[in-house]
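Laboratory data are not the source of any read-out in this text; all were calculated from the coordinates shown. Keep in mind it's a predicted model, so treat the numbers as computed, not measured. Cβ placement follows ideal geometry from the backbone for every residue including glycine, while neighbour counts extend to all protein chains displayed.
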Amino acid sequence: MLLLLLALPSLLCAAAEPLPTLSREGSVCPLGQFPCGNLSVCLPQALHCNGVHNCDNGADEEDCVDTTGWLGVLGDMLAGNSGTAAEDEEDSCSLERFPERCRCWGRAVDCTARNLSAVPRVSHNVTLLDLKTNAIRLLLDGQFSGYWSLRKLFLQNNKIRVISPTAFAGLSQLRMLILDNNRIARISPATFSGLRSLYFLYMLNNSLAKIPDGSLCEDTPKLSWLELEGNRIRVVRGAVFQQCHELTVLVLRRNRLRWIQSGAFSGLSRLVELNVSYNPLREICPSLFESLPQLLSLSLEGLEIPNIHNVTFRGLPNLSHIYFKKFQYCSSAPHVRSCKPNTDGISSFEHLLANIVLRVFVWVMACVTCLGNLCVICMRSCVVTESSAHTMAIKSLCCADGLMGVYLFVIGAFDLKYSGEYNRHAQGWMASVPCQLVGSLAMLSSEVSVLLLTYMTLEKYFSIVFPFSHRRAGRKQTASVLAAIWLLGLSLSVVPLCCKESFGNYYGRNGVCFPLQSELGERPSARGFSTTIYLGLNLAAFITIVFAYTGMFYSIRITACRTAESSVCPRDVAIAKRFFFIVFTDALCWIPIFLLKLLSLLQVEIPGTIASWVVIFILPINSALNPILYTITTAPFQEKVKGRLHARRSELSSRQSFMLVLL
């Protein structure tokens with residue numbers, strides 16, 4: 001508070017500078033664009049207040065600090081308190097009566113952290129009474145009667161549960177009342193009766209479940225700042241703020257609001273800052289903000305607003321700062337110069353993929369993944385190996401990994417399609433059928449690949465560790481297992497599409513249509529499903545693969561030692577390298593995903609940039625490298641290819657010899 005008071009002159013100067021709205025030629029910028037100060041250049045909303053000087057004169061980064069609320073209220077406070085402030089700052093005590101364990105200067109009494117269980121008696125001419133951090137539980141009727149000069153009363157960090165109806169009666173000069181961090185569960189219309197001069201009312205972090213149905217400002221006509229953050233309020237009805245004509249700042253952040261009645265803010269003609277962020281509101285009435293002509297700052301952070309529309313904010317002509325949960329919502333407020341956030345780390349106002357490196361490498365990874373897997377399918381089809389069942393599994397794995405390449409191609413294509421204007425299409429894209437389908441395609445590819453790798457690993461494990469007791473799967477049995485794996489993967493990928501009521505827009509949470517992070521407002525069924533997939537099925541598969549390859553290497557090593565083969569060392573090294581790279585690539589792909597999912601479940605804030613790099617680079621690693629690890633680098637396959645090439649050369653040589661004989 002002291003810092004804000006000291007900084008007030010500079011803030012007032014900054015606020016006095018008019019925000020330019022016209023270009024040099026006097027023409028208004030198109031909707032969604034704003035001028036570079038007095039230049040004839042207009043820049044889109046996304047380039048204003050983004051930390052980069054895009055205007056030649058730097059005007060796009062001016063007036064970006066949101067100081068709404070403090071300026072007007074504190075200015076009035078200072079104007080009204082100039083006389084009493086000097087009295088409060090006197091070194092000597094001007095009061096005849098105050099508790100010995102408290103500190104007195106001028107006409108102010110400070111009883112902070114004195115373990116008081118009741119309000120002490122002090123002289124009637126006291127102007128400031130600080131009782132914070134004590135053990136006061138109850139405010140009785142007439143508790144402060146007679147304190148006609150009291151202007152500031154601090155009662156935060158106590159244990160107050162009950163405020164009697166006339167507890168503050170007689171405090172006609174009180175301008176600031178702080179009741180933060182108590183246990184107040186109920187207030188009545190008469191609780192603040194008589195506080196005709198009250199400016200500030202702070203009730204942060206209490207247990208209020210309801211605001212009285214009558215007007216809160218009936219007895220506090222000068223109330224200018226109302227802070228109700230961190231309570232348990234569920235509903236705001238239409239009549240609550242009807243007589244709050246002087247209210248300039250209203251904070252309802254972090255409550256349990258599920259419904260705000262249409263017209264609840266009507267009559268608040270002087271309101272400049274409204275904060276209803278981080279509430280479980282599911283929709284906002286389109287006409288909710290119609291009667292707020294002076295509103296400058298609106299905070300809707302943490303709110304899912306499925307019914308958001310341009311009409312919702314059209315009646316706020318002076319709005320200069322707006323805050324959303326998702327930057328995509330900014331497209332519904334194109335007339336607001338500063339809209340935050342500018343990006344979710346994955347996408348930006350201009351591009352589906354915000355980072356230029358991602359926009360390039362999405363194509364690189366897509367080409368490598370598709371071409372690599374297609375190459376292996378063709379080579380496996382041309383080169384006949386001794387195990388047709390194993391070849392069938394490898395081809396199936398390549399098909400699954402190839403789908404990841406198709407997914408990346410689609411994301412890259414839509415990034416190009418929406419280039420330069422992504423935010424205009426963001427909401428529609430994430431709710432669209434193509435986004436849902438491509439998201440389910442990525443899920444299908446990912447899960448089928450994991451299950452196939454686990455099956456192939458276990459098959460190899462049993463054939464090496466138990467070579468005589470294990471009977472290798474035949475072609476029909478392998479085909480049945482592969483069909484079951486694809487059916488399971490398909491089921492997992494389409495469940496969120498078929499159960500919209502339980503999962504919501506599961507795949508459309510971000511621009512890349514792949515849900516890696518759990519969000520605070522995520523539905524329980526969606527959270528449970530993704531947790532089961534990533535921290536249940538996929539984690540179990542990864543652990544199985546690690547232990548299986550460890551067991552295989554150990555078994556090969558023991559067998560080699562028993563046979564005492566002289567050539568065992570180079571062979572062991574080759575096997576160890578191959579097994580290491582298989583496990584390493586699996587770990588490189590899945591451990592970051594496991595950690596990302598776990599941290600998001602623990603509600604650790606994860607930058608969106610991390611998720612975008614995971615989706616474009618880390619998730620496709622296995623899909624791109626599996627063809628190399630499971631086919632191209634294997635000794636039997638290399639021998640077969642060499643044999644085919646040698647046979648081809650021999651055939652060509654024979655033909656050439658035959659032609660020479662004929663000649």
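For region 342-435, the set of GluC sites (Glu not before Pro) satisfying both a DSSP loop assignment and a count of at most 12 other C-beta atoms within 10 Å is given as 386.
Could you list 433, 614, 162 so that the one with the fewest beta carbons within 10 Å of its beta carbon is first and the one with the most is last? All intermediate terms of the calculation are to be shown ahead of the outcome.
Numbers: 433 8, 614 20, 162 13.
The order, fewest Cβ neighbours first, is 433, 162, 614.
Close amide H partners of residue 193, meaning residues 5 or more places away or on another chain with modelled amide H under 5 Å apart, do not exist here. Could you list, in their original order, any pairs among 132/210; 159/326; 159/210; 325/597; 210/325; 210/340 whose Cα atoms are separated by more than 28 Å? Checking Cα-Cα distances, 159/326; 210/340 exceed 28 Å.
Quote to one decimal, in nm, the extra length available between residue 475 and residue 360 on full extension: 0.36 nm per residue of separation minus the C-alpha distance between them. Intermediate values should be presented prior to the final figure.
Numbers: separation 115, 0.36 × 115 = 41.40 nm, distance 4.15 nm.
Full-extension gain reported as 37.3 nm.
In this simple spin-label model, placing a label point 7 Å from the Cα along the Cα-to-Cβ direction at both residue 31 and residue 487 gives a separation of 5.3 nm.
You can think of it this way: the chain between residue 261 and residue 135 has 41.6 nm of extra reach, that is 0.36 nm per residue less the Cα-Cα gap.
Using the Cβ-Cβ distance between residue 159 and residue 234 with R0 set to 25 Å, the FRET efficiency works out to roughly 0.55.
Ranked from largest, the principal axis spans of the Cα set of region 123-200 equal 28, 26, 21 Å. Computing FRET efficiency as 1/(1 + (r/R0)^6) for residue 500 and residue 417, where r is the C-beta to C-beta distance and R0 is 41 Å, gives about 0.95.
Sorted ascending by nearby beta carbons within 10 Å, beginning with the fewest, 336, 357 become 357, 336. Counting every other Cβ atom within 10 Å of each residue's Cβ, 457, 531 order from fewest to most as 531, 457.
Given a cut-off of 19 Å, what percent of all Cα-Cα pairs of region 384-525 lie beyond it? Result: 60 percent of Cα pairs exceed 19 Å. Computed from the Cβ-Cβ distance with R0 of 45 Å, the FRET efficiency linking residue 535 to residue 210 stands at 0.70. At full extension, residue 388 and residue 294 could sit 26.3 nm farther apart than now, given 0.36 nm per residue minus the alpha carbon distance.
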